[in-house]
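A quick write-up on the structure given underneath.
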Amino acid sequence: MGITEITPDVSPAQAHPEAPAIRFEHVSIGFDGKPVLEDISFDLPRGDTRILLGPAGVGKSVLLKVANGLIKPDSGRVFVFGFEVSAMREQDLYPLRDSIGTVFQEGALFDSLTVRDNVGFRLTEENVPGDEIDRRVTEALRFVELEHTLDKFPAELSGGMRRRVAIARAVVSRPELVLYDSPTGGLDPVTSATIIGLVMKQRDVYKTSSIVVTHRLQDAFMLASHHFDQATNQMEPLPPNQTDPKTGFLVLHQGKLVFDGSTPDLVRSDDPFLKEYLS
Ligand SMILES: Nc1ncnc2c1ncn2[C@@H]1O[C@H](COP(=O)(O)OP(=O)(O)O)[C@@H](O)[C@H]1O
Ligand SMILES: [Mg+2]
């Protein structure tokens, strides 16, 4: 590991198949002298999902931005598919970002662009041919079951539909890693369940690696205790007392990663902060 050069003929995600999707090594970052993340280390193995929990302001969004190279840590190293993103120049990160889909907090669509142009925005920037863009955009919108909204503007859609468009935009480049920042924030429980279903479908049907930030414990435990059934096209509960083995939890508290483990270990933890947080 430690490679920062991307060769044009190999997909970045396939260049180092032995490397985890994400590796943080002793990552610290602060702003204006105030530490935010302190000595964070963890691996996200390929195909795995981690639910990232922690109080507001603890640094969850910062962690995702460090993971996709938008922010450089003050110290420590960050690898994505074996590439050291913490040491790469911005322009060298572009090809790698095609392998990373990001759903930003609040979705953040362009109000003046149609759904089609919002979802295809990055492909257009990269000069992908028009018919290929149409194909990808239609496929991504079909994934979120919004192919009928191609010519609508964000203002004509409900909050839940806008969030689904943001997910379509994140997966339009068929990324092998998706970072979701509070994808259900501000949504009602029924709409949230629809969104969680899409996150689960990416995980179970497309086998993407992912980090999912959420404040909603019911969303977290839905992801841990269900799988997406392609036959019925919906979430189905796992058998009693089973949890998805590829889905685990990361918990941040006061700048530190206080938990990195499985769902059963989280539920059984004796840590006073975790018990309080989960109650
Ligand atoms: N670009 C920035 N400049 C200065 N401070 C920032 C910046 N981004 C985040 N912060 C601060 O870092 C802390 C963590 O923020 P954030 O990651 O957004 O928390 P959350 O866990 O709620 O997502 C907050 O105190 C926030 O004000
Ligand atoms: Mg945040």
Inset, instruction - Considering only residues that are away from ligand 1 (no atom under 12 Å from the Cβ) and hydrophobic (A, V, I, L, M, F, W, C), look in the stretch 41-64 and name the one that is farthest from GLY76 (Cα to Cα). - result: ILE51
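Residues checked against (1) free of Cβ contacts under 8 Å to residues at least 12 places away in the same chain; (2) surrounded by 14 or more Cβ atoms within 10 Å (Cβ to Cβ); (3) in a helix (DSSP H, G or I):
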position	(1), (2), (3)
ALA19	no, yes, no
GLU38	no, yes, no
ARG50	no, yes, no
VAL58	no, yes, no
LEU63	no, yes, yes
VAL66	no, yes, yes
LEU70	yes, yes, no
ASP111	no, no, no
Inset, instruction - Could you please find all residues in the stretch 21-36 being touching a residue at least 60 places away in the same chain (Cβ under 8 Å), under 16 Å from SER99 (Cβ atoms) and of a type outside the set (Val, Ile, Thr)? - result: ALA21
Inset, instruction - Please find, among THR124, THR138, the residue that is under 30 Å from GLN234 (Cβ atoms), in a helix (DSSP H, G or I), more than 16 Å from ligand 1 (Cβ to nearest atom) and not aromatic (Phe, Trp, Tyr). - result: THR138
Legend entry - Criterion: over 16 Å from HIS215 (Cα atoms) and not in a loop (DSSP other than H, G, I, E, B) - qualifying residue of ASP270, ASP260: ASP260
Inset, instruction - Go through the stretch 143-254 and tell me which helices (runs of 4 or more DSSP H), entirely inside it, have 3 or more residues that are in contact with a Leu (Cβ under 9 Å, 6 or more places away or on another chain) and free of Cβ contacts under 8 Å to residues at least 40 places away in the same chain. - result: 159-171, 189-204
Inset, instruction - Restricting attention to the stretch 124-156, report how many residues are crowded, with 18+ Cβ neighbours inside 10 Å, closer than 25 Å to GLY197 by Cβ and of a type in the set (A, V, I, L, M). - result: 5
Inset, instruction - Among the residues of the stretch 268-279, write down those that are surrounded by 14 or more Cβ atoms within 10 Å (Cβ to Cβ) and free of Cβ contacts under 8 Å to residues at least 40 places away in the same chain. - result: SER269, ASP271, PHE273, LEU274
Inset, instruction - Kindly indicate the residue of the stretch 61-109 that is of a type in the set (Val, Ile, Thr) and within 16 Å of ligand 2 (Cβ to nearest atom) and also farthest from VAL199 (Cα to Cα) among those meeting that condition. - result: ILE71
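Since every read-out is calculated from the coordinates, none of them should be taken as a lab result. Fair warning: this is a prediction, and the values are worked out from it, not measured in the lab. Every residue, glycine as well, gets a Cβ built from its backbone with ideal geometry; the counts of neighbours run over all protein chains shown.
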